[in-house]
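A short reminder: the numbers here are calculations on the coordinates, not readings from a lab. The structure presented is a predicted model; accordingly, all values stated were derived computationally and were not measured. In this analysis, Cβ positions are derived from the backbone assuming ideal geometry, glycine residues included, and neighbour counts consider all displayed protein chains.
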Amino acid sequence: MAKISVDKDLCIGCGSCIALDADTFDFGDDGLAEAKNNEVTEATKEAASSCPTDAITIEEEN
Ligand code: SF4
């Protein structure tokens with residue numbers, strides 16, 4: 001089970017992660033991104049690596 005998290009201190013609300021992986025990311029009421037689940041797909045990894053502020057962390061646990 002992995003854990004996907006968004007550091008809201010770093011997120012600037014650009015929406016890139018949501019454009020790349022809407023199954024995982026959405027805007028919260030504060031206008032910043034949130035992870036809706038912990039299912040890591042290729043799109044999730046692409047979203048994390050494309051985040052301009054490196055706000056997304058994927059912790060892989062085996
Ligand atoms: S790509 Fe990064 S900065 Fe942009 S909304 Fe997503 S978490 Fe926030």
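For the range 3-59, a simple Cβ point-charge model (Lys and Arg +1, Asp and Glu -1, everything else neutral) yields a dipole of about 60 debye relative to the Cα centre. Multiply the residue separation of residue 1 and residue 49 by 0.36 nm, subtract the distance between their alpha-carbon atoms, and state the gained length in nm to one decimal. Full-extension gain reported as 15.3 nm. Calculated on the Cα set of the chain, radius of gyration then Dmax: 10.3, 33 Å. Charge tally for residue 18 (other residues, Cβ to Cβ under 12 Å; Lys, Arg +1; Asp, Glu -1): -3.
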